[in-house]
Every structure is written in structure tokens, then in C-alpha cells.
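Take a look at the structure set out below.
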Amino acid sequence: MKISKNKKKKTKQFSEENFGRKAKEKVFGESEEKLKSIFDNTNDAIIFLDKFGKILDINKKAAEIFGGSEKELVGKHFTKTGLFPIKELPTLIRNFKNILTAKKIYINVSFKNKKDQQIDLECSASLIKINEVTIIMVIARDFTEHKRLDEMLREREKRLRTILDSVLIGIVIIDAETHKIMEINPIATKMIGAPKEKIVGSICHKYICPAEKGKCPITDLGQSVNNSERVLFKADGKSIPILKTVTSFILEDRKCLLESFVDITERKQTETALQESDERYKSLFEHSLNCVYLSDFRGNFIDANQSALNLLGYTRDEITSLNFASMLSLDQQSIAFKTNQEVIATGTQKKPTEFRLRCKDGGYVNVVTTASLVYQKGKPYAVQGIATDITERRQTEVVLREEKNKFEKYFDATGAIIIFLSLDGKVLLINKIGYETLEYNKDDILNKNWIDKFVFEKDRIKTTAIFDSIIREKTDEIKYFETTLLTKNRKNTTVNWGIVLIKGESGESQAILNIGINITELAEAKIAIDQLKELNKLKDDFLNISAHELRTPLTSIIGFSDILKEQSHSLNSKQQKYINIINAESLMLNNIIKRILTITRFESGREIIHFEPINLTAFIQSLQPSLDMLLKNKKAKLVINTEKKDIVVKSNKEKILEVIYNFVDNSLKYGSEEQTITISLTQPEKERVKIAVKDRGTGIPPEKIDKLFNKFSQLEPSLVRSQEGTGLGLYICKLIVDSLGGKIGVESTLGKGSSFFFTLPIENVATQKRDLDLKAV
Amino acid sequence: MKILIVDNDINTVEVLRASLLSKVNHEIDVAYSGEEALEMMKKNGYYDLLILDIMMPKISGLDVCDLMIKDERLKNIPVLLVSALPIASKSFQESLEKFKELKLVKDVLEKPFEIDNLVNKVKAIVSK
């Protein structure tokens, strides 16, 4: 501002003179030297133009900026100086005109000067009047350098931003005072797992090393750089290990912290895994039941685990002063030497070696060892040996042998024939029962071809086919078949076999296991059973025939006694009495024969029952007349009570009638003389109908009820029997009711009477109706 | 009325004849084997009823029925079969049904029998 005031002052005086250099000097004179000096030495370019645009004067700086001398420029119109590009000229002219009206304007002008340098000017142009002459003063400041610096800065920032954005480490810039996050790069954003907008502005401890709140190594502890493993808290609450570096720097007068960090999760994991594997190795080493030792290449022990120490009886300190060879006999030392050479050369040994080691107490242990090189940082540094104590195994072998003996005992003790055959059919193993069945010595059988030597000719083809198929199919299936064996004495021997393929661990066929049961006796028993069945049939036939043979003479006896009875008028009373007895007894005999035949029929399954739909209600009601016939000459009465509705069953009328007759007959025998016998038909259940015959009599003692329906039940107290009868009646009733699908039973009260009943199954209503309709058709 | 009684058991023949004679007034011939019965039927021509035992040596009652069916002159003679066998065997039942269907066998009488039962059956057959 100072300068411009001075200029004003100067220009005022200056403008009072005629224009042109000489005039100017004249006007200013010596006293004006100072002002001229300022004019010439100022850092701003000063240009005077007339109102038409012609350059009146320029100072040194202006000349310098324009890259030419005053002479080259003064007197020229500003558009004709050749400084400004043609396309810029209309803008400049327009601005120049604006000066004339607006009095003062500010513009930026860019051009290439005479020295071909890019120049950027910041100009302020004012309209001033000097001695009524309007002139234009332009004060221009060269900001080319500033702009360049500015651009450089911008370029740098851009580059920094690129680095910030593309670098593979997380970078966060934090205000050291407030600890607010000012800037964050994408990697860090990604690591934190939240949008940048959310992170920027937050307190750094929220995400980065919260443990250090108030203990910031830089701001609180005064360190300048920090390099440490820390934890980064992610937006989702998880944490990841990071390696962090913090640096402080000044940004725009503010102290900032630049934190850069990398995710070391993977490294951590690897480290942990390594550590674990190391620990695992240590644990394995220490706790292995095998003896593990480390020795140097000359056999000096470096370390040994507890198992090894226990086995040899040394302490860890003691063993480290020993050499492997010192525990061996001379001949074994050479083996140990060779093995050691092999291990050093190849890193391992092909076959385990067996050693006999001398222990501290002078005893010996047998071990099998395998040695290999162990490496540290890729270089072999020791020999690791793993030794298994086989002293016990030796003992175990003894136990195993005993077990084997035991197995062989069981093998022999079993009742089955057990044979192991090789795949080509030779006997590998046979148990005692096996060779005893064959009547050979064991050695006569072993290694012989089983089928050719011991299987009966007729069964050879079959047996061969079965063996071939299980070997071919490699099946696990057990095949069953029967063969007759060729025993030494050609004894008839039939064996029922179950055979199975024995496979090894990898599934390869090894042998055929044959387990057989000698069923010769069973086969014989089968024949015996068949014979018995045959005999039973013969018995039935015999009964049938003898029934015929018995009944033929009975026909004559009954027939002739009947005829005689008819002609009783010609007989005296004794004769009449005797002939009646003959007749009655022969009828009774016939009755017994009939019943025995009925039972035989039922029991042999030869009784055929035809089922047909029956309206039971109507059927039972229709029985009154024929049942009354049974009551002829008796004082008893008979009443029939049935349900009102029709009850239809699929059954057999004759058989139902036979049971009812039997029941009524029993009632007459055991009931009181003037009783009323009640026949009832009820339906106690939906699917069951009940027919009962109730008498009034002595009743049946409970202990006898169970046996009532047994065969010949009445025969038991035969000697005191008061009533006639075969004792087969109720048994036959039971057989009949069973065959009709019903149940038979009795309810009895001593002194009051009994109710004999049987049930019959009913089919559902729809079926009933259909059956009745069919019957009606 | 002419009835032929056939049974290999002399006594049974006698019981049958005596029973019938006591109750009905028919002419009665007797034969003691299947062959004899067939011979008599062929010789005498017509009978009103053949009372035929089933179980007989050589030619059984059922064999006689078979032969009668095949003979035009004999196939219309009504037969009352008499049997002491339990009449439950399947083959017997089937034959019986067959002859009943062919209207040769009219009824079956089980031995031993009561006179009334015999007479009733005979009356029932000859009355038709």
C-alpha cells in the first residue's frame, strides 16, 4: 500500500509533465530520483498506457518480465507487442475497455514472454487522470513462481495421496492434541472395516491401541518414533494384531501423528503354529511311550526323554555324558556304527535295527530303533533315535502263544466242524471235530485237496461251484449248503455248511472258512418224523377202517334188536327188558365210535366246514320244535330268548346245532328234573354274538371248570360217575366252536346251575346286509 | 315196487330186508357184491330202488354208481347209499355230490341205522 501511495504521489507529479522520458526526467528532476528508483526497483511491474492502449512507459521489472527492453515496448499498442497469444487478445481488449468505464479492474494474464518463458501476471489496472490526460496504470505482479510452487505442492500432495492410497500398509494421521483421526488411507479403512467418513473424526484409541489411552508413546511418553506390536480394534469388535510405527510431524502448524501399521495376523498364526508344533514335539518327545533320544553324529547323547531314561535307568544328566556305543556289546557296536553312517548319509535308515542295551543296573533291554537326522534352520544337527522296548513284546509273544493255544482249544472244543481252506482248495486247518468226523488223523487231511478227497462224488460239482463263486465275487456273504462227506470208513455223513471268504486287512482274499454241523442224525431224525407222520396217518386210516368194521356188526345188533323191539308182543317181560338193554347199549357204543371218529377228523384236519351266511336270530328261534323232541318224556321246559333284530353270521348251521344239542343234552343230564332250560342269543359286543344254554341244577365246582372242555374230561372220576356219557361231548363242542372262530365257556354257580355258552364272530353290518341279500337272491 | 339190497355183509342184508319187510310191502331182491348187483339189474331190467352199500370188496358202491351212469338202462334207478364210513373225506364228498347232481343217488343212510330212519328214507324216495 505504501508503494502504491508513493506511486500515486509520484504519478501525480509525473503526470503534470509532458509524457516521454525526457519530459519525465525534467519534471521530476533530481528530487524525483528516489521515486524513480522505486519505480525502477519495485518488484511489481508498472506499465502506463494511454486510453487507446498504447504503452507510454514501463519500469525495469516490467521489462524484465516481458523479456525485452523498454525501447522494444514503449510506444507500441499493447496488442502489438507480440507478447499475448492472438486468441487471448479479444479478452484483453474487452477488459481494457472495462477499465475505461469501471475505473479499476483486476485481471490475471498469462503469456509467453520474449524469452519464451511462461508468465502469469496478476494485474490491477486503474484509470487515472494526469493534467486532464487520461492514462491507465497497470501494476502487475509476477506470480509464475508462486503458481509453479503451488502446482508443485499440489502435485506432491497428489503423489502423497497416491502413495497413501496405494501403499499396502495402513496409514492414519492423527491430531496429536485431540487424538482425532484426521486422515486415513484405504488399507487402514479396510483393516478397520468401517467407512472412511465414520472413522475420520473419531478418537484414535477407539480403533488403534486402546490400551494406550493416556499413555500415548509419542504425546504422553515423549518418544519420537515407536515401533511395536499392537492390537487394532475393528468396527465389528474383533481385533487383529498389527505392527505399528508412529511418527510425529507438523502439518499446517498442527502437531500430527502419522501412524502406519501392517496386519500381522498371518505371521502371528504362523508363529503360534510354530510354537505349538514345537510344543507338540516337546510334548511328544517327553510323553512318548517310545524311547526318544538325541545324539550327536558320534553317538554322544544330547538328550533323552523320560521313557528312555526309565528304560535305561539313567538320569538326564547322566545320559548326556554317555555314548550310545557304550551300552552295546562289541559286535553290536559295529552294527550301530553302520547304521549311524547310513543315517548321516541318507537322513534316515531303511530298516529298524534291533539292539540289546545294557542298563545302568547291569541288566539288558531289547529295543528296536529307528534313527533319523533332525534339522535346525535347515541344517542337520543331531540324530534322533526312536527306540521301542521289545523286551515286553517278547513276553507278549509268550502270552500270545498261550492265547493261540487257548484258541486252538476252543477251536477243538466247539461242536462244529471248522476248516480253513486255501484259495486253491487245500486244507490249511481243521479242528478236532472235523478230522474225527472224517475218521482220519489230522495230518492225513492237512494240505490235501478238500473237494477231491473228502467230498462225496455227487456233491463235488455243487461244492466246486460254490467255492468258485465266492472267490470270484469276493463276497462277504455266507453261503449255506449241504454235502455228504467221504469219510475213511465210508460212513454216511451229511454236513450242513456255512462258508465265508476270509479277507486280509487290505481286502485281499486269503482263505475260505468252512463251518459245518453234522446233521446226519438230524437227517435221520427227519426220516423218523416222516415215518411217525406216516404212522399217524395209518392210525387215522386204521381208526376209519376199524370204525367201519365196528359199525358193521353194530348195524346188525342195533337193527335186529330194533326189529325185536317192534315185535315185543311175542316176548316175555324179561326178554323185552334184555332186548331193550342190548339196543340201548349198542346205540351208546355207536355213539362213542361216532364221537371218536369226529375227534379224529378234527384233529387230523380232515373235518371240512362250509361257511354260509346265517340269520342266527331266525335260526335259533326255529329250533324250538326239534329241541322239544329232546324233552319228550321229561318234566323240564325249554325257552328260547333272542335279540329282536336279525343277527347275521357266516357259519355252519349243522355245527351250531350240534353244539346246542350237546349243551341241552348236558343240561338235561345235570340239571334238576323240573327245570326250565333257557337258550339265549345276545350280542354283548359289536363283533361278537353269544349263544348260551342255561340250566337250573347242581352247578360245577370251580376247580373242575378248567378241565371241562378237555378230552375225556368225564372219564377222570369214572368209577363214581353218576351220569352216562363219553366225556367227549364238550371236547367236540370246543373243537367245533374253535373251527367256527368262536370261544366256548361256562359260567356256573354251585347249587344254582350252569350256563354253557359259545360265541361266534360277526362281520360288519354292510357285509351282513350284502350276505343276506345274496342269500335272498 | 321192487327193491334191490346190495351189501357184502350177510347180516346187514338181513337187517335191511327184515326192517323193510316189517314196515313196507315191497318185493325185495338181495345181492352180496357189486358185480352181482349189476348182473341182477341187467337181467331183471328195472328196480324202483337200489339200497347200495359203499364199502365192498372188488367193486365198491361208488364204482357201481359209475357203471350205472354209463348204462342207459340203469342210470335212472334211484340209489340210497348205505355207509359205515365217516362221510367226510374230500374225494367221497365230491363223488357223492356228482351222483346226487346226476340224480342217481337220492340219499345216504349211515350205518348203524334205526329202522324208522331207514323206512322214512325209503318211503321218501319211492314216493317220488
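The values are calculated or read from the model by the stated rules, or taken from the named source; none is laboratory data. The structure displayed is predicted, hence computed values, not measured ones. Note that we place each Cβ from the backbone using ideal geometry, even for glycine, and neighbour counts take in every protein chain shown. Quick note on the areas: whole protein, heavy atoms, side chains included, nothing else; ligands and nucleic acids left out. Shrake-Rupley method; radii C 1.70, N 1.55, O 1.52, S 1.80 Å.
Taking the stated definitions as given, is B:Lys121 over 25 Å from A:Ile596 (Cα atoms) and either open to solvent by less than 60 Å² (accessible area, probe 1.4 Å) or not in a loop (DSSP other than H, G, I, E, B) (or both)? So B:Lys121 fits the description; yes. Screening the stretch A:560-583 for residues that are hydroxyl-bearing (Ser, Thr, Tyr) and within 13 Å of chain B (Cβ to nearest Cβ) and picking the one that is nearest to B:Met56 (Cα to Cα) gives A:Ser561. Quick check on the stretch A:42-65. Is at least one of its residues of a type in the set (Gly, Ala, Ser) and at pLDDT below 75? Looking for residues that are of a type in the set (Gly, Ala, Ser) and at pLDDT below 75, one finds none in the stretch A:42-65, hence no.
Quick one: in the stretch A:77-115, which of the residues that are among the charged types (D, E, K, R) and touching a residue at least 40 places away in the same chain (Cβ under 8 Å) is most open to solvent (accessible area, probe 1.4 Å)?
A:Lys115
Of the residues in the stretch B:18-31, not one is under 15 Å from the mean Cα position of the chain (by Cα), closer than 19 Å to A:His548 by Cβ and of a type outside the set (S, T, N, Q).
Of all residue pairs spaced 6 or more apart or on separate chains, those with beta-carbon atoms under 6 Å, a first member in the stretch A:337-363 that is in a helix (DSSP H, G or I) and a second member that is open to solvent by less than 60 Å² (accessible area, probe 1.4 Å) are A:Thr339/A:Gln349; A:Thr339/A:Thr353; A:Glu342/A:Gln349; A:Val343/A:Gln349; A:Val343/A:Ala371; A:Val343/A:Val383.
Please work out which residue is surrounded by the fewest Cβ atoms within 10 Å (Cβ to Cβ), limiting yourself to the stretch A:222-279 and to residues that are part of a loop (DSSP other than H, G, I, E, B) and modelled with pLDDT of 70 or more. Explain how you work it out, then say what you get.
Filtering the stretch A:222-279 down to residues part of a loop (DSSP other than H, G, I, E, B) leaves A:222-224, A:234-238, A:252-253, A:264.
Filter again for modelled with pLDDT of 70 or more, leaving A:234-238, A:253, A:264.
Working: A:Lys234: 14, A:Ala235: 15, A:Asp236: 9, A:Gly237: 7, A:Lys238: 9, A:Asp253: 5, A:Ile264: 18.
My answer is A:Asp253.
Pairs linking a residue in the stretch B:104-127 that is away from chain A (no Cβ under 11 Å) and β-branched (Val, Ile, Thr) to a residue that is open to solvent by 40 Å² or more (accessible area, probe 1.4 Å) and outside any loop (DSSP other than H, G, I, E, B), with Cβ atoms under 7 Å and 6 or more positions apart or on different chains, are B:Ile125/B:Lys106; B:Ile125/B:Asp107.
Looking at A:Gln510, is it closer than 30 Å to A:Tyr410 by Cα and either among the polar types (S, T, N, Q) or part of a loop (DSSP other than H, G, I, E, B) (or both)? It is true that A:Gln510 is closer than 30 Å to A:Tyr410 by Cα and either among the polar types (S, T, N, Q) or part of a loop (DSSP other than H, G, I, E, B) (or both).
Residues are listed down the side, and each one gets a yes or a no for (1) touching a helix residue (DSSP H, G or I) at 6+ places or on another chain (Cβ under 9 Å); (2) of a type in the set (Val, Ile, Thr); (3) more than 10 Å from chain B (Cβ to nearest Cβ):
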| site | (1), (2), (3) |
| --- | --- |
| A:Ile527 | no, yes, yes |
| A:Leu532 | no, no, yes |
| A:Ile545 | no, yes, no |
| A:His548 | no, no, no |
| A:Ile558 | yes, yes, no |
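If you scan the stretch B:21-33, which residues turn out to be within 14 Å of chain A (Cβ to nearest Cβ) and at pLDDT 90 or above? Hit for the stretch B:21-33 is B:Tyr32, nothing else. Scanning the stretch A:82-132 for residues that are of a type in the set (Phe, Trp, Tyr) and part of a loop (DSSP other than H, G, I, E, B) yields a single hit, A:Phe84. Annotation: of all residues in the stretch A:377-402 being among the hydroxyl-bearing types (Ser, Thr, Tyr) and within 26 Å of A:Phe297 (Cβ to Cβ), the one that is modelled with the lowest pLDDT is A:Thr388. All told, A:Ser680 meets the bar of being assigned to a strand (DSSP E or B) and among the small types (Gly, Ala, Ser).
Do we have B:Glu36 as in contact with a Lys or Arg (Cβ under 8 Å, 6 or more places away or on another chain), open to solvent by 30 Å² or more (accessible area, probe 1.4 Å) and more than 9 Å from chain A (Cβ to nearest Cβ) here? Reasoning before the result, please.
Working: in contact with a Lys or Arg (Cβ under 8 Å, 6 or more places away or on another chain): no; open to solvent by 30 Å² or more (accessible area, probe 1.4 Å): yes; more than 9 Å from chain A (Cβ to nearest Cβ): yes.
No, not satisfied.
Of all residues in the stretch A:603-657, those satisfying the criterion of being open to solvent by 30 Å² or more (accessible area, probe 1.4 Å) and either hydroxyl-bearing (Ser, Thr, Tyr) or in contact with a Gly (Cβ under 7 Å, 6 or more places away or on another chain) (or both) are A:Ser604, A:Ser622, A:Ser626, A:Thr642. Could you give every pair whose Cβ atoms fall below 7 Å, whose first residue belongs to the stretch A:598-614 and is more than 10 Å from every other protein chain (Cβ to nearest Cβ), and whose second residue is in a strand (DSSP E or B) and open to solvent by less than 50 Å² (accessible area, probe 1.4 Å), counting only separations of at least 6 or pairs across chains? Cβ pairs passing all conditions: A:Phe611/A:Ser651; A:Pro613/A:Val648; A:Ile614/A:Val648; A:Ile614/A:Val649; A:Ile614/A:Ser651. Here are the criteria: (1) surrounded by fewer than 12 Cβ atoms within 10 Å (Cβ to Cβ); (2) within 13 Å of chain B (Cβ to nearest Cβ); (3) touching an Asp or Glu at 6+ places or on another chain (Cβ under 6 Å). Tell me which single one A:Asn489 does not satisfy. A:Asn489 satisfies every listed condition except (2). The sole residue among A:Leu522, A:Leu554, A:Leu564 that is part of a helix (DSSP H, G or I), within 60 Å of the chain's Cα centre (by Cα) and of a type outside the set (Asp, Glu) is A:Leu522. Applying the criterion of being surrounded by 14 or more Cβ atoms within 10 Å (Cβ to Cβ) and β-branched (Val, Ile, Thr) to the residues of the stretch A:345-373, the residue that is farthest from A:Thr391 (Cα to Cα) is A:Thr370. Looking only at residues of the stretch A:663-687 that are under 21 Å from A:Ser739 (Cβ atoms) and at pLDDT 90 or above, we find that the one that is surrounded by the fewest Cβ atoms within 10 Å (Cβ to Cβ) is A:Leu681.
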